[in-house]
Amino acid sequence: MRKITQLPNKVRVATQEFKDRESVSIGVWVAAGGRYETTANKGVAHFLEHMAFKGSAQYSCNKIKELVEGVGGNLNAFTAEEETCYYAKVPITHLKQTFDVLADITFFPKISSKDLKKERTVILEEIKMYHDLPQYYVGEILEELLWPNHPLGQSLAGTPKSVAEMEVTQLRNFHKSYYVPSNTVITACGALKHDDLVQLVKDKLGKLDGISGPTFTAARQLQEKAAHHLYFKQTEQMHLALGYLAYETNHPDYYVLALLSIILGGNMSSRLFNEVREKRGLTYSISSGMKSLHDTGVFMVRAGVDNGKITDALGLILKVLAKIGSAGIKDDEFKRAQEYYMGQFLLGLEDTMDQMLWIGSGIISNDQVKTRADVIKKIKAVTPADIKRVALEILNPKRINLAIIGPMSGTQQKALATIVA
């Protein structure tokens, strides 16, 4: 049974008990991510996540790792656009110790100048690594097109300039502003008792100040004309990312778009996979997906394409996208997409870590967690007519944002620019 408790200082504790498990997955979530940054401190949320593992008030860098990995557990963290999560999976007998480590590094990091200098080099190398991976970097270019002059359109890791100039005071100020109880959710799934975790949280974090964190700058939801960025790079394969501004997390048509994404490029039965790869051999990898945030979202198509076939591939992709809006879908295709979504959803919640991430992301972003029954009910309520309606709305030529990385010729550049004009 899922239980949620809010402490007097606004920290929320959520658990899902699985009596037949030997493990527990636990996460400390903070509503502090890339969209809360400015150009001057871009990358500070990600930098702070790194610094948390360098040492805290109670634990040294080595001790942090030893106390979790030394009992057979896994320890990690991630920074996203709207949240940062520090998490671990350990045998249930080590829950108390593991929570104490996670809470300490999250709320009481040392953030020393010495550690900052060392970690700065690590992050700069990380940025270089991502820029050397065209299949990753093309996504960053796409985000710049989707949300120009906005934190969402800038790299989560920051820029070489912002990271090189990052100072201890910036990290500490960001931590003070956002790492507050009202911005915090503790989630755990496994063979634990809810009240036991609540008591651990009270003992460790109950006296923290409950001041609310600042709000973020709203992102654009409308786009007047198509945009593209063709990035020349000597690669063996061109990498394409096509994006359309889409729905926020709580939009009524969220699940309609989710099914549309499956139909178009969610698996090997999808239209894009069959038309672009299977029938014409224009690409090795092609898929579609979606991402939703508080006030905006994106539907995207990604593909790795032979250097000489990029123009044909893009033209066919756009043709496939347009057809679903004009002709709709067949009942059997629609049914397969529904069953695929429900099956993947249920399979994805079998592990304690998957459950913890599902619950934590729901509360930190929506202040709620949908039940399995809620999700399945919403998926079953979608109709083929809904798919066609949303396709016509989202896959509008004016919403196109195209990013491509590869060794494009002048002729290809002109042709591609014409296609998305």
Could you order Leu124, Leu48 by accessible surface area, starting with the largest, using a probe radius of 1.4 Å?
-> Leu124, Leu48
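Kirkwood Rh, Cα Rg: Rg to Rh for the stretch 166-215? All intermediate terms of the calculation are to be shown ahead of the outcome.
Details: Rg = 14.1 Å, Rh = 12.8 Å.
Looking at the stretch 166-215, the ratio lands at 1.10.
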Identified option (computed Cα Rg over 2.2 N^0.38 Å; candidates (1) 1.12; (2) 1.04; (3) 0.98) | (2)
The percentage of Cα-Cα pairs in the stretch 110-216 separated by more than 18 Å is 67
By the C-alpha gyration tensor axes a ≥ b ≥ c (rounded if a/c is under 1.5, else prolate when a/b exceeds b/c, else oblate), the shape of the stretch 329-408 is oblate
How many percent of the alpha carbon pairs in the stretch 1-43 exceed a separation of 16 Å?
-> 60
Over the chain, give the accessible area per residue in Å² for a 1.4 Å probe, as an integer.
-> 45
In Å, what Rg and Dmax follow from the Cα atoms of the stretch 1-120?
-> 15.3, 49
Tyr284-Lys207 FRET efficiency (beta carbon distance; Förster radius 45 Å; 0.05 resolution) | 0.20
For the chain, the accessible surface attributable to carbon and sulfur atoms (probe 1.4 angstrom, ligands and nucleic acids excluded) amounts in percent to 51
Hey, could you pull the Cα Rg and Dmax for the stretch 207-353, both in Å?
-> 18.3, 63
Cα centroid distance between the stretch 353-376 and the stretch 19-48, in Å?
-> 16
With at most 12 other Cβ atoms within 10 Å, longest stretch of the chain clear of loop GluC sites (Glu not before Pro) (DSSP) = 23-166
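The values are calculated or read from the model by the stated rules, or taken from the named source; none is laboratory data. Since the structure is predicted, the reported quantities are computational estimates derived from the model, not experimental observations. Ideal geometry is used to build each Cβ from the backbone, glycine not excepted, and the neighbour counts take in all protein chains shown. These accessible areas exclude ligands, DNA and RNA; they are computed on the full protein's heavy atoms, side chains included. Shrake-Rupley method; radii C 1.70, N 1.55, O 1.52, S 1.80 Å.
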